[in-house]
Amino acid sequence: MKKAITILALSFCVGAFAQQEIRLYDGVAPGSEGVQDNERIQRGPDGNIQSISGVVTPSITVYLPDADKATGTAVILCSGGGLMSHSWGSDVINMARWLNERGIAAIGLKYRTRVMGGGGPRMGGGGQALSASVTEFSKITKSNANPDTSEGGIKNIDNAINDALRAMEIVREHAAEWHINPDKIGYLGFSAGGGVGIGATVRADAQHRPAFMATIYGPSLIDVDVPQNAPKLFIATRGDHHNVAAGLVSLYLDWKRAGANAEMHLYDDGTGPFGPDDPGNTSGTWRESFYRWLTFNHF
């Protein structure tokens, strides 16, 4: 991978914790040559980013806890959005604030999204060739639950995975500066972002391998061969989330068959994504379960 770091900005968001944005590559991201940059940002009434689409120039945004509170653990956040956009407000800004309050560094990954027309169906959208309920997990081959097998869809996930690997490289390079233990860096992905993190985890060499991988209603979008010395895996999803739950049950079983550490929370309170700390649903407890899992495993 091309080594270069470009610092784009140092700013403060409303409410307020420091952000530093760093481009992943110097120049055009490998694999995106000739693709027009058409990035669009949607902001909420508070001025914070809600969503980002049309990403050609990937970057990371760094959210650090107070130095006297830092635990040394860092989480690279891979937001959802069907590989078409980033749910930045909910999956990065809100999650980063929650992690920082607990002394955990958060790194928001703005990986490349689909920017050209056409292509296959979105994750979780209609018209998928794949159709499997949680009890039909055996339909999922090599834990790959990607409904988009088009050439463009495959290139899209490959680009996003490469961005996640580059993000891990940059975070490790800055570990001392950011009060991060390089052996305590992992991914947390939501929906399609979970697939990005899983893909980076199974394709990583020793330099890029995360210490842990957590996916929230996000199955693998590539074939999975569980690596030797696979990192600890945390999974949370709703059992009636079509295709997604089946893909994640398959992933859990593949991890366990390989003798690796895996924990799965399968909630029975709905059919799709879920928000944090919703008192009306059992899935609303997932963040506390994730945090307990992190601390139990010494992260």
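Does region 10-25 hold any residues that are surrounded by 11 or more Cβ atoms within 10 Å (Cβ to Cβ) and modelled with pLDDT under 95, and which are they? So that I can check it myself, show each step before the final result.
Pass one, region 10-25, residues surrounded by 11 or more Cβ atoms within 10 Å (Cβ to Cβ): 11, 13, 17-25.
Ser11, Cys13, Phe17, Ala18, Gln19, Gln20, listed by residue number.
Return yes or no: is Gln42 modelled with pLDDT under 95 and farther than 17 Å from Ile157 by Cα? Full working, then the answer.
Working: modelled with pLDDT under 95: no; farther than 17 Å from Ile157 by Cα: yes.
Taking the combined requirement at face value, the residue does not satisfy it.
Among the residues of region 106-119, are any at pLDDT below 90, open to solvent by 60 Å² or more (accessible area, probe 1.4 Å) and under 20 Å from Ser51 (Cβ atoms)?
Yes: one or more hits.
From Asp148, Asp225, which residue is at pLDDT below 95 and charged (D, E, K, R)?
Only one candidate qualifies: Asp148.
Between a residue in region 159-185 that is polar (S, T, N, Q) and any residue that is at pLDDT 95 or above and part of a helix (DSSP H, G or I), which pairs come within a Cβ distance under 9 Å, given they are 6 or more apart or on different chains?
As it stands, the answer is Asn162/Ala200; Asn162/Arg203, since those pairs meet every condition given.
Which ones in region 91-105 are over 20 Å from Gly44 (Cα atoms) and either open to solvent by 10 Å² or more (accessible area, probe 1.4 Å) or not in a helix (DSSP H, G or I) (or both)?
Asn100, Glu101, Arg102, Gly103, Ile104, Ala105
The rows are residues; the columns are (1) open to solvent by less than 10 Å² (accessible area, probe 1.4 Å); (2) farther than 28 Å from Asp66 by Cα; (3) assigned to a loop (DSSP other than H, G, I, E, B); (4) charged (D, E, K, R).
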| residue | (1), (2), (3), (4) |
| --- | --- |
| Asp148 | no, yes, yes, yes |
| Ala167 | yes, no, no, no |
| His179 | no, no, yes, no |
| His208 | no, no, yes, no |
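How many residues, within region 74-90, are surrounded by fewer than 24 Cβ atoms within 10 Å (Cβ to Cβ), part of a loop (DSSP other than H, G, I, E, B), on the phi < 0 side of the Ramachandran plot and of a type in the set (Gly, Ala, Ser)?
Going through region 74-90 one residue at a time, the tally reaches 1.
Here's the yes/no breakdown for (1) more than 25 Å from Phe274 (Cα to Cα); (2) over 17 Å from the mean Cα position of the chain (by Cα):
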{"position": "Ser59", "(1), (2)": "yes, no"}
{"position": "Asp66", "(1), (2)": "yes, yes"}
{"position": "Met84", "(1), (2)": "no, no"}
{"position": "Arg102", "(1), (2)": "no, yes"}
{"position": "Ala105", "(1), (2)": "no, no"}
{"position": "Gly108", "(1), (2)": "no, no"}
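What do you reckon, is Asp183 open to solvent by 10 Å² or more (accessible area, probe 1.4 Å) and of a type outside the set (A, V, I, L, M)?
Against the criterion (open to solvent by 10 Å² or more (accessible area, probe 1.4 Å) and of a type outside the set (A, V, I, L, M)), Asp183 qualifies.
The values are calculated or read from the model by the stated rules, or taken from the named source; none is laboratory data. Given the structure is predicted, the values throughout are model-derived calculations rather than measurements. When we count neighbours, we look across all protein chains shown, and the Cβ atoms used for this are built from the backbone with ideal geometry, even at glycine. Surface areas here come from the heavy atoms of the whole protein model, side chains and all, with no ligands, DNA or RNA. Shrake-Rupley method; radii C 1.70, N 1.55, O 1.52, S 1.80 Å.
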